[in-house]
Amino acid sequence: MSEEDLKILSCHFTWGLEKENADLNFLDVKICERLAVQCEYKENVQQREYNFLAYIKHLQGVNDEALKNLELAIKEHTGDEKNLIVTYGNLAWLHSVMGNVAEAKSYVEKVKDIFRAFPTPSPTDLHREVQSEKAWSLLKFSRKSYIRAKEIFFEALQKDADDQEWNTGLAFALFRLEGLEVGEVRRVRFEESPAVVQLKRALKLHPDNAMIHVYLGLKCYKNTRNTEAWEYMRKALKMAPDNLGVVLHVAKFMKKEQCYDMALEVLLRMLRKAPDSSRLHHEIANNYRWKAMQMKDTHNPRLLSLCIQHLEKGASLNPGFIYPQLELALRYAEAKQSQKAEHKFQELVALPDLKPADRQAWHRMYGDFHLYRLGSEAAAVEHYKQGMMLRRVSTEWNICKNRLKKVLQRDRRDTYQIKKFFDSLKTENLSAAE
């Protein structure tokens, strides 16, 4: 079997989904948690989930797990044979990578048989089922592939302008791209947002899609149309009470609205259906934390204990997610367990291949630990500086900067040479721009 036989297959292995562009741990956990929730999957969505998860497992270097998921994808197959083109393509590639040449050849032949039974107008055209799975995979994989996903959805709509799935896909792609382009400072006016226009069009064609309601709700909220936002969120939750993604979005919205008890009710109800969701445990912990702050009782023993309990559970379920564990270290400190907090901080910083964003968060939170719990301002300043020196790899950069500014306001003599440090960063930025 030649390499060309594999390259012409349209599947996850040939769609340019590079592992350095994605958070593989996050994708792995997200899909596994979604699959674990007992809910009704429409059409071949569950098959696609197993396909996608199989590719993530391959990128993580666990091909045996990838193979198991592709076998599950075949079991979940519904509809005609065209829905198996991507699965068979993935199996051909995976068996080739694993050195199983005969098996790889057999799956290449299976794809060719489907092509012969269901020919496309031209060799370069993709079957609708393949085009659809490719677009959704790109949209799920990484922010760097959002544009490619949008282009596929847009191109498909040129053939059928009223297609429900394509309109929904384009709406989701525009929503995510607009979020990247606009950021947190500037907002696109609700009436001028291409994402809003497309979301409303998609809603007319697909009124029972809960996530469309969620995204429109978020757009309303960002434009201070809170009454409308609540309407969309309530409809979404009523439509899909078992959809983990919908529940998390709605609960986070409620948290932003400072309705912590309401958010906890929604989250704890979902937790009964998905007890092993690390994301649920993290969000529950956040709400207990914010509820205590709302009560102006940050060290409330009951709420702090519940917060720690859920952070610990989340960490045990997803040890690869560092941020909640950093929060856990700070909560230990608040519970006057400084040694436990120190141990957790040292355990995390010693992890191999710590991502720059995680390392920046570590410096910021370890700085907070020194400043607010140990009373060591000098040590805190040093860690805030270290965090800023990692550049703008996360929102923690601005937090480090603001922490330093507060210290500077308290000490006009600039004991820690903070002004000099800020000046050095400006000089470096100017040099890099030249």
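Results for (1) small (Gly, Ala, Ser); (2) under 20 Å from the mean Cα position of the chain (by Cα); (3) surrounded by fewer than 18 Cβ atoms within 10 Å (Cβ to Cβ), shown as yes or no for each residue.
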{"position": "Glu181", "(1), (2), (3)": "no, yes, yes"}
{"position": "Phe190", "(1), (2), (3)": "no, no, yes"}
{"position": "Ser193", "(1), (2), (3)": "yes, no, no"}
{"position": "Lys200", "(1), (2), (3)": "no, no, yes"}
{"position": "His213", "(1), (2), (3)": "no, yes, no"}
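Give the number of residues within the stretch 205-229 that are closer than 25 Å to Arg189 by Cβ, in a helix (DSSP H, G or I) and in contact (Cβ under 8 Å) with a residue 24 or more places away in the chain.
14
Please verify whether the stretch 226-240 includes one or more residues that are under 24 Å from Leu27 (Cβ atoms), out of contact with any strand residue (DSSP E or B) (no Cβ under 8 Å at 6 or more places or on another chain) and buried (at least 20 other Cβ atoms within 10 Å of the Cβ).
So far as the stretch 226-240 goes, yes, one or more of its residues are under 24 Å from Leu27 (Cβ atoms), out of contact with any strand residue (DSSP E or B) (no Cβ under 8 Å at 6 or more places or on another chain) and buried (at least 20 other Cβ atoms within 10 Å of the Cβ).
Taking the stretch 52-94 as the search range and keeping residues that are β-branched (Val, Ile, Thr) and either surrounded by 21 or more Cβ atoms within 10 Å (Cβ to Cβ) or in a helix (DSSP H, G or I) (or both), which one is nearest to the chain's Cα centre (by Cα)? Give the steps one after another, and end with the answer.
Pass one, the stretch 52-94, residues β-branched (Val, Ile, Thr): 56, 62, 74, 78, 85-87.
In the following step, the residues that additionally are either surrounded by 21 or more Cβ atoms within 10 Å (Cβ to Cβ) or in a helix (DSSP H, G or I) (or both) were identified as 56, 74, 85-87.
Details: Ile56: 14, Ile74: 26, Ile85: 27, Val86: 24, Thr87: 24 Å.
Within the stretch 52-94, the match that is nearest to the chain's Cα centre (by Cα) is Ile56.
Only one residue in Lys385, Lys355, Lys340 is modelled with pLDDT of 95 or more, surrounded by fewer than 17 Cβ atoms within 10 Å (Cβ to Cβ) and not aliphatic (A, V, I, L, M), so which one is that? If you could, list the steps in order and put the result at the bottom.
On the way: Lys385 fails: surrounded by fewer than 17 Cβ atoms within 10 Å (Cβ to Cβ); Lys355 fails: modelled with pLDDT of 95 or more.
Result: Lys340 is the single residue among Lys385, Lys355, Lys340 that is modelled with pLDDT of 95 or more, surrounded by fewer than 17 Cβ atoms within 10 Å (Cβ to Cβ) and not aliphatic (A, V, I, L, M).
Give me a count of the residues in the stretch 351-372 that are assigned to a loop (DSSP other than H, G, I, E, B) and acidic (Asp, Glu). Lay out the reasoning, then the answer.
From the stretch 351-372, those assigned to a loop (DSSP other than H, G, I, E, B) are 351-355; that's our starting set.
Within this subset, residues satisfying the condition of being acidic (Asp, Glu) are 353.
The total comes to 1.
Matching residues to (1) more than 15 Å from Asn83 (Cα to Cα); (2) of a type in the set (A, V, I, L, M); (3) assigned to a helix (DSSP H, G or I); (4) free of Cβ contacts under 8 Å to residues at least 24 places away in the same chain:
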{"site": "Ser106", "(1), (2), (3), (4)": "yes, no, yes, yes"}
{"site": "Val111", "(1), (2), (3), (4)": "no, yes, yes, no"}
{"site": "Pro123", "(1), (2), (3), (4)": "yes, no, no, yes"}
{"site": "Val130", "(1), (2), (3), (4)": "no, yes, yes, no"}
{"site": "Glu133", "(1), (2), (3), (4)": "no, no, yes, no"}
{"site": "Leu138", "(1), (2), (3), (4)": "yes, yes, yes, no"}
{"site": "Tyr146", "(1), (2), (3), (4)": "yes, no, yes, no"}
{"site": "Ala149", "(1), (2), (3), (4)": "yes, yes, yes, no"}
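Can you name the condition, by its number, that Gly61 falls short on among (1) among the small types (Gly, Ala, Ser); (2) touching a helix residue (DSSP H, G or I) at 6+ places or on another chain (Cβ under 9 Å); (3) modelled with pLDDT of 95 or more?
(2)
For residues in the stretch 265-302 being free of Cβ contacts under 8 Å to residues at least 60 places away in the same chain and not in a helix (DSSP H, G or I), which is nearest to Met254 (Cα to Cα)?
So, considering only residues that are free of Cβ contacts under 8 Å to residues at least 60 places away in the same chain and not in a helix (DSSP H, G or I), the one nearest to Met254 (Cα to Cα) is Met295.
Here is a list: Ser316, Ser305. Which entry is assigned to a helix (DSSP H, G or I), within 25 Å of the chain's Cα centre (by Cα) and exposed (fewer than 14 other Cβ atoms within 10 Å of the Cβ)?
Ser316
The values are calculated or read from the model by the stated rules, or taken from the named source; none is laboratory data. Note that the structure is predicted; figures quoted are calculated from it, not measured. Every residue, glycine as well, gets a Cβ built from its backbone with ideal geometry; the counts of neighbours run over all protein chains shown.
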